[in-house]
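What follows is one structure encoded as structure tokens, with my remarks underneath.
The values are calculated or read from the model by the stated rules, or taken from the named source; none is laboratory data. What you see is a predicted model, and the numbers here were worked out from it, not measured in a lab. With ideal geometry, Cβ positions are generated from the backbone for all residues, glycine too; neighbour counts draw on all protein chains shown. For accessibility, only protein heavy atoms count, side chains too; no ligands or nucleic acids. Shrake-Rupley method; radii C 1.70, N 1.55, O 1.52, S 1.80 Å.
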Amino acid sequence: MEHTDPFAGERLKLSPFHARQAPMNLRDAWSSWNSYKFADYYYDAQYEYFCIRNTCGTYDICPMQKYEIRGADALAMLNRMVTRDVAKLKLDRVTYCCWCTDEGRMIDDGTIFRLGDDHYMLTCGSPCLAWLRQSALGFTELTVRDISEERAGLSLQGPTACAVLKAMGLAAIEQLKPFGILHFDFRGDTLMVSRTGFSGDLGYELWIDRSLALDLWDALYSAGEHHGIHPYGEAATNMARLEAGFIMPAMEFNEALKTVNFQLDQTPFELNLGWLVDFRKPHFNGRSALLRERDKGPKYTLVKLDIEGNKPANDAILYADRRCKGEIGYVTSAMWSPAAKANIALAMVRTKYLAGDIFAEIYYPKELRPYRKVARCTVRDKPFWAPARTRQTPAPDR
Amino acid sequence: MKRYDAIVIGAGHNGLTNAAYLARAGLDVVVLEKNDYIGGAAVTRELHEGWHYSSCSYVCSMMRQSLHRDLDLSRHGLLLVPYLGTVAFGDDGNTLIDYPDEGAHYLELQRHSPHDADAMSRFQADLGRYAQLIRKTLMRTPPDPASFKPRDIREILFLAKEFWALGERELYEYMRFFTMSAADFLEDYFENDLIKAAMASPGIIGTALGVQSPGSAYILLHHVMGDVDGSVGAWGLARGGMGAISHAIANALREAGGEIRTCAGVERILVRNGTTVGVALENGDELHANIVVSNLDAKRTFTRLLQPEELPPRILERARNFKIRGSSGKVNIALSGLPRFKGLPDNRYINRGGQTFAGSLETMERAYDAWKRGTWSEDPFIESIIPSAWDPTVAPAGKHWMSNFVQYCPPELADGPWTPEKRDAFGQTVINKLERYSPGFKDLIVHMEVRTPHEIEAEIGLTQGNIFQGELTIDQLLFNRPFPGYGQYRMPLRNFYMCGSSTHPGGGVSAACGANAAREILRDLKKPNVVPDDDCYDE
Ligand SMILES: Cc1cc2nc3c(=O)[nH]c(=O)nc-3n(C[C@H](O)[C@H](O)[C@H](O)COP(=O)(O)OP(=O)(O)OC[C@H]3O[C@@H](n4cnc5c(N)ncnc54)[C@H](O)[C@@H]3O)c2cc1C
């Protein structure tokens, strides 16, 4: 029948978990991510957000890009590409990293999994095969393979996440440290579990061959029945990551390779990711530009803001005084945080104004009519949500 | 001997809040609690191993967000989780499901009455308008209408301005609202009895009024004016039970340098020359302080902790006649599994939220009639929720506990005082009703705690077990709370204040009474105010 569908070319791809997720998407709240049909939410965005903070939820990461990088040159290639020192990454460990253009502008961020001596997996939000190929130039002992389609990934986040995996029979899972990896036998294949995620809470990511995706789902959901498991989509994940202070492409940063206007992309220093840049490495892409940036100081700095009142400061422009004369920055993401009970935001502020007063000019609607409000902002160093369990090993049950 | 700046009697959530703000303002403050646990009616207790009951209050909506934020209660361990999907059960076996999705909710109402489905939006807009005005008063000290102090006049002008903003017609409606019954109010909107019963149910929770009694419309409003994260009328659960609220406030208090002493029941308040100077504990110890604050209800404070000769007779009379009739029971039940209810689909979102066994307006009024006769109805009104379906910390995984709030339950029985046997018979009545709606329910019971007004008074000192520390009728609201002329937290003895739910804005876990009282105390001490404003003025 497929060839008779005149809209076949416009239909989105379906995740290997789709068969289970679709019936649970009671609201038909679909949008898309990397050409996959992707849920904004399933039942109620707020409900799902609270699953992440109170019980646990699953987030489909199949649309994320996954690349397998193998060979004697794999480490050298990755180390030339990303700003962090991958040589320090031990076997069965994961590291968060970013990579930049020669000009030191950020292309994307992602995670690198070390799976063997010469075997890595790189995950990231946007497809980057072209950049990987360029980054591989000059290296011969190397294969780069897009495994996005063959590997299914499911993120399990929230305080009962460990209890669910235990109930699923994953022995000693509570001993897994943050950013660690464990492998388990699952239906004759291997289930890889990493203690990683994008929620700022206790959480894991589960990786398995696509053919076993639904088996994994069923095992997980039957183990999770008494632990409040529920799928969540883009809306809830966006809330959780903002509370955790994590950046998103197309929100906090404009991917450098897609940026038209000069310097409307960002450097890692501007994004407060200076800690990801390791100048002890003799060479990596963007090194000299980033050295200059480090010495001169970034023009903008990404900060966490705690804003007075309870009106979210979406798209707000920032000023140094209440009268709103002279812009000093802008808000990149904002929300009322139910867990922190604070009006929070991530914002780009001209670095030299960081020490002074910061005010946000907020527009908010009341029964169709827009109202304006100028609210004082306070810069916060710590994430708005960082419960102890996120870092504890053994991981608690709830 | 050590002299404190302030003694707060009672570690209810309001006493703790009051003390936290006094400590933050630099005062040396101690909270004295008679029980070996804190929290008063905002408490979590493990009465059966592995099960943690919110023994008294069970859901949260009135808690002032600005206080939560200012006291940093999230960092101190508090997470409020809104819950969805309440079902009202009718006498005839019919159900009314409160779906969170607007479209689904409309269809559900339409199934019962197309007229009422349409009327609901007007009802909600009207109620929202009334709620908005009341919300704005929660964190303000009521003005004394008989005073000519600039501050009182300013406050009266504020209220007048808010009132006028409603428009002329609404002004009349508003006045009516304070004095009418919930049933009459609903008559203006709805025709379907189950819809009316479901909507009326907040109007009888905790009150010694019936759905037909004048004044119950305000009780209804009192229960829907709260919010969770700005969603007005929504209710949430505190992760870890209601005690998590008290414990988070206690952590904030200790962080600010305050002290809490449990097992320190106060026998009497010490008064010299019309000034309070300290307290005497039940164990005979005396503690001295410049300021004494009572978190107990007004009746208890004035008739138990103070001597008649220390008080103006007018106040003593007011205290003795303070309306604080107990009317509620609570049955907490540990369950080996999730109960299923007749007539409900196996929908995971709605068969585990709240259950309102309202029946009909008639059944609710009958239950009230029984209370008046000094007994309980065989068909009581029950408002239930299964917190363990939401909160993984209050029962073992896969097991549950159900909170059942019962109207009505008399403070004294016509045939004599409460006995353990009568208490258990009351509990049995509740289980029998639940069994009718959920066949097999009894087989799930692992443990239960039955609380009549007698237990509630004996354990946490709420006189007659009145959950609000005094009836919420206009004669005891705003500047009339607890007594006319004493609506500003200062009591008729020097250096003596009240901070519990007997003061404005009344009962419920809001922390507003305690915070408002702290603001007044700091004002008298000429200290800078550290209590934040409410954050609802932009609504
Ligand atoms: C059964 C029940 C259900 C309720 N349900 C809800 C609900 O779901 N949601 C809601 O918002 N509200 C509910 N309420 C109302 C709410 O719980 C109360 O209004 C609120 O908790 C009162 O707080 P408080 O600090 O003012 O006083 P209390 O909590 O009454 O605190 C007074 C404290 O003083 C202590 N004390 C008493 N005598 C002495 C003494 N002599 N010396 C020292 N200490 C003493 C007591 O032990 C207690 O700790 C309910 C109440 C009850 C009883």
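It is to be established whether one or more residues within the stretch A:7-29 are within 11 Å of chain B (Cβ to nearest Cβ) and within 29 Å of A:Ala386 (Cα to Cα).
Checking the stretch A:7-29: not a single residue is within 11 Å of chain B (Cβ to nearest Cβ) and within 29 Å of A:Ala386 (Cα to Cα).
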* Applying the selection to the stretch B:208-233, what residues are within 14 Å of another protein chain (Cβ to nearest Cβ) and within 15 Å of the chain's Cα centre (by Cα)? -> B:Asp227
* Considering only strands (runs of 3 or more DSSP E) fully contained in the stretch A:142-231, which possess at least 2 residues that are within 14 Å of chain B (Cβ to nearest Cβ)? -> A:229-231
* Residues being touching a residue at least 24 places away in the same chain (Cβ under 8 Å) and open to solvent by 50 Å² or more (accessible area, probe 1.4 Å) - total across the stretch B:287-303 -> 1
* **Pair list, Cβ under 6 Å, 6 or more apart: the stretch B:35-47 residue away from chain A (no Cβ under 14 Å), other residue open to solvent by 10 Å² or more (accessible area, probe 1.4 Å) and more than 10 Å from the ligand (Cβ to nearest atom)** => B:Thr44/B:His52; B:Glu46/B:His52; B:Leu47/B:Glu449
* What's the number of the condition A:Ala313 fails, among (1) open to solvent by 40 Å² or more (accessible area, probe 1.4 Å); (2) aliphatic (A, V, I, L, M); (3) within 14 Å of chain B (Cβ to nearest Cβ)? -> (1)
* Structure fact -> Residue count, the stretch B:413-431, condition touching a Phe, Trp or Tyr at 6+ places or on another chain (Cβ under 9 Å), within 26 Å of B:Gly243 (Cβ to Cβ) and either open to solvent by 50 Å² or more (accessible area, probe 1.4 Å) or away from the ligand (no atom under 16 Å from the Cβ) (or both), comes to 1
* Could you check the stretch B:153-245 for helices (runs of 4 or more DSSP H) lying wholly inside it with 2 or more residues that are open to solvent by 10 Å² or more (accessible area, probe 1.4 Å) and more than 27 Å from B:Asp535 (Cα to Cα)? => B:168-179, B:182-187, B:193-200
* Of all residues in the stretch A:206-218, which are out of contact with any Lys or Arg (no Cβ under 8 Å at 6 or more places or on another chain) and either buried (at least 18 other Cβ atoms within 10 Å of the Cβ) or within 19 Å of B:Pro392 (Cα to Cα) (or both)? -> A:Leu206, A:Ala213, A:Leu216
* Structure fact -> Among the residues of the stretch B:335-372, the number that are closer than 13 Å to B:Ala389 by Cβ and not β-branched (Val, Ile, Thr) is 14
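Residue by residue, here is whether (1) touching a residue at least 24 places away in the same chain (Cβ under 8 Å); (2) surrounded by fewer than 23 Cβ atoms within 10 Å (Cβ to Cβ) holds:
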position: A:Pro6; (1), (2): no, yes
position: A:Lys13; (1), (2): yes, yes
position: A:Phe17; (1), (2): yes, yes
position: A:Ser31; (1), (2): yes, yes
position: A:Asp40; (1), (2): yes, yes
position: A:Gln46; (1), (2): yes, yes
position: A:Arg53; (1), (2): yes, no
position: A:Glu68; (1), (2): yes, yes
* To do: Scan the stretch B:114-123 and give yes if some residue there is within 14 Å of chain A (Cβ to nearest Cβ), part of a helix (DSSP H, G or I) and closer than 29 Å to B:Tyr172 by Cα, otherwise no.
  => yes
* Can you tell me which residue among B:Pro410, B:Pro396 is open to solvent by 20 Å² or more (accessible area, probe 1.4 Å) and either touching a strand residue (DSSP E or B) at 6+ places or on another chain (Cβ under 9 Å) or in a loop (DSSP other than H, G, I, E, B) (or both)? => B:Pro396
* Enumeration of residues in the stretch B:5-26 that are open to solvent by 10 Å² or more (accessible area, probe 1.4 Å) and over 23 Å from B:Leu78 (Cβ atoms) -> B:Asp5, B:Gly26
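Using the structure shown, decide if A:Tyr47 is within 11 Å of chain B (Cβ to nearest Cβ) and part of a loop (DSSP other than H, G, I, E, B).
no
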* When the residues of the stretch B:72-108 are filtered to those that are more than 13 Å from chain A (Cβ to nearest Cβ) and over 29 Å from the mean Cα position of the chain (by Cα), which remaining residue is least open to solvent (accessible area, probe 1.4 Å)? -> B:Glu108
* Asked: Would you call B:Phe479 under 16 Å from the mean Cα position of the chain (by Cα) and not in a loop (DSSP other than H, G, I, E, B)?
  -> no
* Structure fact -> Residues of the stretch A:75-123 being open to solvent by less than 30 Å² (accessible area, probe 1.4 Å), more than 12 Å from A:Ser135 (Cβ to Cβ) and aromatic (Phe, Trp, Tyr), in sequence order, are A:Phe113, A:Tyr120
* To do: Starting from residues that are away from the ligand (no atom under 16 Å from the Cβ) and buried (at least 20 other Cβ atoms within 10 Å of the Cβ), keep the ones in the stretch B:318-350 and report whichever is modelled with the lowest pLDDT.
  => B:Ile350
* Please go through the stretch A:322-363 and pick out each residue that is out of contact with any His (no Cβ under 7 Å at 6 or more places or on another chain), crowded, with 21+ Cβ neighbours inside 10 Å and assigned to a loop (DSSP other than H, G, I, E, B). => A:Pro338, A:Ala339, A:Ala340
* **Of all residues in the stretch B:260-285 being in a strand (DSSP E or B) and away from the ligand (no atom under 14 Å from the Cβ), the one that is farthest from the chain's Cα centre (by Cα)** => B:Arg272
* To do: Determine, yes or no, whether A:Thr143 is open to solvent by 20 Å² or more (accessible area, probe 1.4 Å) and in contact with a helix residue (DSSP H, G or I) (Cβ under 9 Å, 6 or more places away or on another chain).
  => yes
